[in-house]
1. Points 7 angstrom from Cα along the Cβ direction at Ile278 and Val340: gap in nanometres?
2. So, counting K/R as plus one and D/E as minus one, what does the shell of residues with Cβ under 14 Å around Lys813 add up to?
3. Could you calculate the FRET efficiency of Arg531 with Arg96 from 1/(1 + (r/R0)^6), where r is the beta carbon distance between them and R0 is 41 Å, rounded to 0.05?
4. Could you tell me how many degrees, from 0 to 90 and to the nearest 10, lie between the Cα long axis of helix 313-326 and the main elongation axis, the longest principal axis, of the Cα atoms of the chain?
5. Quick one: Karplus J couplings for the stretch 377-385, per residue in order, coefficients 6.51, -1.76, 1.60, θ = phi - 60°, nearest Hz, x for Gly and Pro?
6. Send over a whole-number figure in Å² for the accessible area per residue of the stretch 34-126, probe 1.4 Å.
7. Taking the Cβ of Cys136 as the centre, find all other residues whose Cβ is under 10 Å away and add up their charges (Lys, Arg: +1; Asp, Glu: -1).
8. Would you please give the residues with an amide H less than 5 Å from that of Tyr336, counting only those at least 5 places away or on a separate chain, with H modeled from the backbone geometry?
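The values are calculated or read from the model by the stated rules, or taken from the named source; none is laboratory data. In this text the structure is predicted, and so the values were computed from the model without any measurement. With ideal geometry, Cβ positions are generated from the backbone for all residues, glycine too; neighbour counts draw on all protein chains shown. What goes into the accessible areas is simple: the full protein's heavy atoms, side chains included, and nothing from ligands, DNA or RNA. Shrake-Rupley method; radii C 1.70, N 1.55, O 1.52, S 1.80 Å.
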Amino acid sequence: MEIPAKYDPTLIEDKWYKYWMDKGFFHSEPDDREAYTIVIPPPNVTGVLHMGHMLNNTIQDILVRRARMQGKNACWVPGTDHASIATEAKVVAKLREEGIDKNTLSREEFLAHAWEWKEKHGGIILEQLKKLGASCDWERTKFTMDDNMSESVIKVFVDLYNKGLIYRGVRMVNWDPQAKTAVSDEEVNHKEVQSKLYYVRYKVEGEDSFVTIATTRPETILGDTAVCVHPNDERFKKLHGKKVIVPLVNRSVPIILDEYVDQEFGTGALKITPAHDIHDYEIGDKHNLETIDIFNDDGTMNEKAQLYVGEDRFKVRKLIVKDLEAANQIVKIEDYINKVGYSERTDAVIEPKLSMQWFCNMEDLAKPALEHVMNDDVQFHPAKFKNTYKHWMENVKDWCVSRQLWWGQRIPAYYLPEGGYVVAKSDNEAVEIAKEKTGNQNLTIADLRQDDDVLDTWFSSWLWPISVFDGINNPDNKDYNYYYPSNDLVTAPEILFFWVARMIMAGYEYKGEKPFKNVYLTGIVRDQQRRKMSKSLGNSPDPIDLMKKYGADGVRVGMLLCSPAGGDLLFDENLTEQGRNFGNKIWNAFRLVKSWEVDETLEQPESAKKSIEWFKHRLNSEIANINDLYEKFRLSDALMAVYKLFWDEFSSWYLELVKPAYQKPIDRKSYEETLEFFNILVKVLHPIMPFLTEEIWQLIEERKEGESLMVEKMPEAESSDENIIEAFERVKEIISGVRNVRNENNIPQKESFDLKVKGDYDKEYNDCIAKMANLTSIESTDVKIDGAVTFMVKSAEFYIELGDLVNVEDELKKLSEELKYNKGFLISVQKKLSNEKFVSGAPEKVVNIEKQKRDDAESKIKVLEERIASLK
């Protein structure tokens, strides 16, 4: 088989992905094997691949490929999210470009445009994931607005309503004036901004005195219905029971007393605008104040404001300050830093607004979801996120589930002609319930009006692990019973509450079981300046371009090289280059082995025999370590372990030990053993680098049609002897010692010489040492050899007689520096051992290690001093 000189990902990746797809290796059906399930965090249907997706899906693919090779029935369910706010915004913008105003369209006309947009742009991201090597079961691809998925959402809404957990009411909500919809608390990003604090005078009614209040939002003065002071604030005692006049609109409002007021903030007097501040709303509710909503849904002023009608709220802020100054009612203006809420979806400043919405009571739903995370039925990796989760779940607020949009699952509430409403799964059911409720048997669907709002996108996403297996509609179906609960969820900490917490709630509510066993929380992908990668900052590379440049495997390795669980990933393109270089290293090592000519008559050399024995133990020890790291979700560490195993141990040591002399053949046994090591190594590497390893595995020997590395059995760790591994580490030190002598004395590798040893060392590896260090012989000696260059490994002394080749002055300098270092090291150890607290308090094993360090250092110092004396 001709093996190309260079590994070219562009020729390999599409070939093997097609092969895997054609053979159905990604598809799963329930059987007798242990199930391993992952559900993808569904990306926005019209989204494109970004660096966060690359990290998240690389990790998922590694986990699912490894599980598949462990003999589990692995099922990775892909899909997309309908993303109500984001998608509707894109469709509205597209219509605007075509000269169409959404407000001129009927709901059905708009939805036709939205579905057309979805069909045209939807699913691009899933095709891009295939380039990464994602081994999803594409036959199971779901979309949150598929018919059976929407049916599940409606069924759950009706069920929760019937249980009294969903209710309708006027509440203060986070209003996004750009998207013209309510958003949940979790969809608001609070940013610190440079604002102004305006001190405004309110005239006391019937007097010449004034009360000064401080506000960052003077435009809301037009909706004020009270001024509030602390009942114990002596400054305002004389104003108790009086009224003030709201500036510009001249409305008389009461001065009320409430302990909520912070006497230290501003002037200690607080303007109360119940319609436009959550705290003011609560005070207004408590004191039975009038509520005046002065804003339209788009953030402009309405008629109730009386002034500036139709103007935008931020323009009004400037106008009202000018008018207040003209009326001599501004006392002063100060710079002020405060936190302002922004919509996560549109980045518009959130407007607290009283609005009739649908809510889900979360208190009871949250209890089992908190309990089962705190007792580790559901495990977070890293566990530090449990505290964040606990705080949120113990302070959970009711969930505003309605959105003032058309794209999404329409709320199944139907308003009756005489007032009131019914909630039902379908039009027909709504009519039947309405007849029963009203007693009017002549009602038809034409008499009912369905609610115009849709459900929050997260209201479909929270059912994802259940609904992808149709567990709401058919709770006893084969797939649901087999694949649920899933094993691992890989997601980002920023949607811990949006999504993860709610999925756990839904799991216990609808299955009485957790939705997943482990939650692996990735970090955020940032640039070298620690900024979050985003298109707007222009600091995010295009993942598709990266894969074209470095290959999918190179990018996968690069993403993992710096991504500890829960820790932010500081992305550096050099890491993907390092990933590609690692692939080239593996490829070149494979080409080297396959280039060896085999001589069937050759006996296996002792050096090869001992090297194979060592590497077998080293490999098994490292497989056990790698498995342990995977179990602990330390995926970056697992990658580094296999990286070092291949690069350092296999390539730099093992292959050098067994490879035949230049243009000489190798014996059959060593060749077969080496190929078998390659066979094992590519299996261990496959979950991380699927394309390269498949190509190599197919080239190791002739494979049958339908065979693939991805469905081979993952190697299990056999027993390993730590004594053999440790002995070989000492052998490496000896070889390195000889090489250092060569380097320091500029002696080429081709020049061979003798090595003499005084003391105990691992003699059984003499053939390995001689081959790697190019030695003529290795002999034991009982005496010190004057004039020879020396080095030590443990307590053994090694001598190389170089005659005139050694520079005595340089050797003395080197030995003196080594002596100085060892004396300093001995002092530090002796200090520790002379500390009674340490000796009596530390474990015996730790103290013994320090004692051994002392003995080794003393022995080394003695040898060095003798060596220096012999050279003088």
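1. 1.8 nm
2. Values: positive: Lys814, Lys820, Arg867, Lys872; negative: Glu744, Glu809, Asp810, Glu811, Glu817, Glu818.
Residues close to Lys813 contribute a combined charge of -2.
3. Details: r = 31 Å, r/R0 = 0.76.
Computed FRET efficiency for Arg531 and Arg96 comes out at 0.85.
4. The angle comes out near 60 degrees.
5. 4, 10, 9, 9, 10, x, 5, 4, 6
6. Values: 3190 Å² over 93 residues.
So the stretch 34-126 comes to 34 Å² accessible per residue, rounded to a whole number.
7. On the way: positive: Lys130, Arg140; negative: Asp61, Asp137, Glu139.
Charge balance in the 10 Å sphere: -1.
8. Answer set, sorted by chain and number: Ser195, Lys196, Leu197.
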